[in-house]
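The values are calculated or read from the model by the stated rules, or taken from the named source; none is laboratory data. Since the structure is predicted, the reported quantities are computational estimates derived from the model, not experimental observations. No Cβ is skipped: glycine too gets one built from the backbone with ideal geometry, and neighbour counts run over all protein chains shown. In case anyone asks, the SASA skips ligands and DNA or RNA and just uses the protein heavy atoms, side chains included. Shrake-Rupley method; radii C 1.70, N 1.55, O 1.52, S 1.80 Å.
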Amino acid sequence: MTMQTKLPTGIENFMEMRTEGFYYVDKTGLIKTLMENPGKVNLFTRPRRFGKTLNMSMLKYFFETGSDTTIFDGLEIAGEKELCREYMGKFPVISITLKGATGTNFEEAKEMLRHIIGNEAMRFQFLMQSPRLTEIERRRYEALISIDRGGDYTMSDALLKSSLQTLSQLLQKHYGQSAIILVDEYDVPLDKAYQSGYYDSMVELIKVLFGNAFKTNDGLKFAVLTGCLRISKESIFTGLNNFKVYTIKDVRYNEYFGFTDAEVKQMLEYYGLSNQYDAVKEWYDGYMFGNLGIYCPWDVINYCGDLRDGSVSKPQNYWVNTSSNDIIRKFIDRADATTKDEIEQLINGGHVRKLIHQELTYRDLDSDIDNLWSLLFTTGYLTQDGDDGDGISSLAIPNREIHWIYTQQIRSWFKDETKKDSHKLEAFCRAFIENDTTAIENGFTSYLDETISVRDTYVKKEMKENFYHGILLGLFGNMHTWTVRSNAESGEGYSDISVEIKNEKIGIVIELKYAENASFDAACKEAMKQIRERNYEEKLIDDGMKTIYKYGIACYKKRCKVVSD
């Protein structure tokens, strides 16, 4: 592999990747595998940020007539001489992404779709003078690219529905060679339409557009589509007889989306970051595509880049910021008692066995919570760690980054849930002011029983109290007259939680301990000893608090014990 110098953060154009000095993990073997397993229409479903768009750009530059094929020199595919002679630079290629085909209503979405297809058609303006087209055919092309004074494409709805078919047939006649059609992010318009209330209209439009392009199109050589979800054949892929779908459960193509362990080791070694291997594996590995372990490439590249420029010293959450994670919140909101127990098993390092439906419509997603399990799996929030062959998969959270997403969403959900019963919350918090350890113990146990326990399996045992710490902070956060500090410097160290109720001149110091093996008494004793020896009440006294309550709280699973001094 040719070593490059710059990390390709956010680079999705293959030409730019290869000509401007970026590090490239060679995925050109995808081309050979695709040609050895021909399908008229090929759909690859993978979670976001796993290299789908870059691979589609690679396919475009490999197959498109007139491309600079030297950008493939030194790559795996260049060794396939016969294949390159037959396919490289030999076909007209139509390449679009439907990522932007969205809107608050159907008309806006259609306008964006016109823009996407019209802009792609503009690349072929030589068709206006092509001697191989008739005058009628040239006018058909002009209708695809015609714009009004405002710069909007004027193609009719009827022409929009046949636009990919029309353009491919015109290109076929000009070149004497059938066209390849590439459609990236094919399912985004359906997702946005479902969220905005025009799903049925968008399904019908995409169904006709794809039917014309992929089913009854003599101008099509083959097509490749990518997306996150495999949308039901009955909804938009009706009648496609030569239609192949490659999901994250399939072995074929498993190494071409995302980074393998060997590829990550090679990248880290190249940049002198081999000492970060364990951290990278813990945070960004864990996905199983077919039978192969895969890292999220977006995370690995971003972390390496941030390490090199010194902006971070430990792993960060990169994938979480690339789009909304509302799916986790929706899942938790809809969970019954059994499902909440299953979520708790997952976030505490366990797994659950579920029937995975890989072919859904967006309408299915809200019809049954079992379908949400499938959605979490296909979008990368869960991964398989076993399969019994009958569609039943053993599912687990892939890595620490995704674990963090669950944790944050659970804490947000719990905070909202506690607000619903303000009387219970106020009584619980008042018990700290009244030094009522029994009420505190009963109240905290009740809250622990209601929430989904997040005993972080990724940290050392002595740090597991972080979960309980977070729950208590969330409860106190609803008391607007309280000044609450977490891990604030006080005396000779940092107390877990300190509270000042200034209008009553009351101060509260809390030290939480994880009671390993349910050793509540020992944990409480240790907590109180730490408060006394480190003088945690000192800052509260300095701030004018007259009455100081000190609490040692020991927690284990969903039980706790509270002592006071």
Out of all the residues in region 48-62, is one or more at positive phi and within 23 Å of the chain's Cα centre (by Cα)? yes
Residue match in region 209-231 (condition: hydroxyl-bearing (Ser, Thr, Tyr), under 26 Å from the mean Cα position of the chain (by Cα), at pLDDT 90 or above and more than 19 Å from Lys99 (Cα to Cα)): no
Give me the residue from region 410-429 that is under 13 Å from Met479 (Cα atoms) and basic (Lys, Arg) and, out of that set, farthest from the chain's Cα centre (by Cα). Lys424
Asp542 open to solvent by 30 Å² or more (accessible area, probe 1.4 Å) and without any contact (Cβ under 8 Å) to a residue 24 or more places away in the chain: yes
Here the residues within region 88-115 that are aliphatic (A, V, I, L, M), under 30 Å from Leu30 (Cα atoms) and open to solvent by 30 Å² or more (accessible area, probe 1.4 Å) are Met88
Mind telling me which of the residues Leu355, Leu375 ends up being buried (at least 17 other Cβ atoms within 10 Å of the Cβ) and within 27 Å of Asp390 (Cα to Cα)? Leu375
Hey, can you tell me all the residues within region 158-177 that are open to solvent by 10 Å² or more (accessible area, probe 1.4 Å) and either within 18 Å of Phe126 (Cβ to Cβ) or at pLDDT below 95 (or both)? Gln169, Gln172, Lys173, His174, Tyr175, Gly176, Gln177
Output the residues belonging to region 126-157 that are of a type in the set (S, T, N, Q), within 25 Å of Glu64 (Cβ to Cβ) and surrounded by 12 or more Cβ atoms within 10 Å (Cβ to Cβ). Ser130, Ser146
Looking for whichever is out of contact with any strand residue (DSSP E or B) (no Cβ under 6 Å at 6 or more places or on another chain), crowded, with 21+ Cβ neighbours inside 10 Å and not hydroxyl-bearing (Ser, Thr, Tyr) here; the options are Ile294, Ile236. Which one fits? Ile236
Within region 89-122, count every residue that is free of Cβ contacts under 8 Å to residues at least 60 places away in the same chain, in contact with a Leu (Cβ under 8 Å, 6 or more places away or on another chain) and closer than 20 Å to Phe63 by Cα. 3
Return yes when Gly118 is surrounded by fewer than 19 Cβ atoms within 10 Å (Cβ to Cβ), touching a helix residue (DSSP H, G or I) at 6+ places or on another chain (Cβ under 9 Å) and not charged (D, E, K, R) and no when it is not. no
Could you look through region 7-47, keep only residues that are among the acidic types (Asp, Glu) and more than 22 Å from the chain's Cα centre (by Cα), and pick out the one that is nearest to Phe259 (Cα to Cα)? Asp26
Enumerated helices (runs of 4 or more DSSP H) restricted to region 292-389, each holding at least 2 residues that are within 30 Å of Tyr270 (Cβ to Cβ): 297-308
Matching residues, region 181-202, being more than 21 Å from Ala223 (Cα to Cα) and open to solvent by 10 Å² or more (accessible area, probe 1.4 Å): Asp191, Lys192, Tyr194, Gln195, Ser196, Gly197, Tyr198, Tyr199, Asp200, Ser201
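Results for (1) part of a loop (DSSP other than H, G, I, E, B); (2) in contact with a helix residue (DSSP H, G or I) (Cβ under 8 Å, 6 or more places away or on another chain); (3) within 27 Å of Gly380 (Cβ to Cβ), shown as yes or no for each residue.
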position	(1), (2), (3)
Glu12	yes, yes, yes
Thr53	no, no, yes
Ser57	no, yes, yes
Ile77	no, yes, no
Ile94	no, yes, no
Thr102	yes, yes, yes
Please give the number of the condition Val251 fails out of (1) farther than 19 Å from Pro398 by Cα; (2) touching a residue at least 24 places away in the same chain (Cβ under 8 Å). (1)
Please enumerate the residues belonging to region 302-322 that are under 15 Å from Phe50 (Cα atoms) and either more than 17 Å from the chain's Cα centre (by Cα) or without any contact (Cβ under 8 Å) to a residue 12 or more places away in the chain (or both). Asn321
Considering every residue within region 381-400, establish whether at least one is without any contact (Cβ under 8 Å) to a residue 60 or more places away in the chain, out of contact with any strand residue (DSSP E or B) (no Cβ under 8 Å at 6 or more places or on another chain) and polar (S, T, N, Q). no
Tally of residues being within 12 Å of Cys560 (Cα to Cα) and charged (D, E, K, R) across region 517-537: 1
Pairing a residue in region 409-425 that is more than 15 Å from Ala335 (Cα to Cα) with any residue that is in a helix (DSSP H, G or I) and among the polar types (S, T, N, Q), where Cβ atoms lie under 7 Å and the two sit 6 or more apart in sequence or on different chains, gives Leu425/Thr418
Pick out the one residue from Lys60, Lys6 that is out of contact with any Cys (no Cβ under 8 Å at 6 or more places or on another chain), at pLDDT 95 or above and either basic (Lys, Arg) or crowded, with 19+ Cβ neighbours inside 10 Å (or both). Lys60
In region 261-291, residues that are under 16 Å from Gln384 (Cα atoms) and part of a loop (DSSP other than H, G, I, E, B) total 4
Considering residues that are in a helix (DSSP H, G or I), among the small types (Gly, Ala, Ser) and under 30 Å from Asp285 (Cα atoms), the number found within region 397-454 is 1
Test Ala335 against the stated conditions and say whether it is of a type in the set (Gly, Ala, Ser) and under 30 Å from Tyr549 (Cβ atoms). no
Flagged in region 12-47 as more than 30 Å from Asn241 (Cβ to Cβ) and open to solvent by 30 Å² or more (accessible area, probe 1.4 Å), in numbering order, are Glu12, Asn13, Met15, Glu16, Arg18, Thr19, Glu20, Asp26
Unique residue being of a type outside the set (D, E, K, R), modelled with pLDDT of 95 or more and farther than 25 Å from Ala158 by Cβ when the list is Thr65, Thr97, Thr69: Thr65
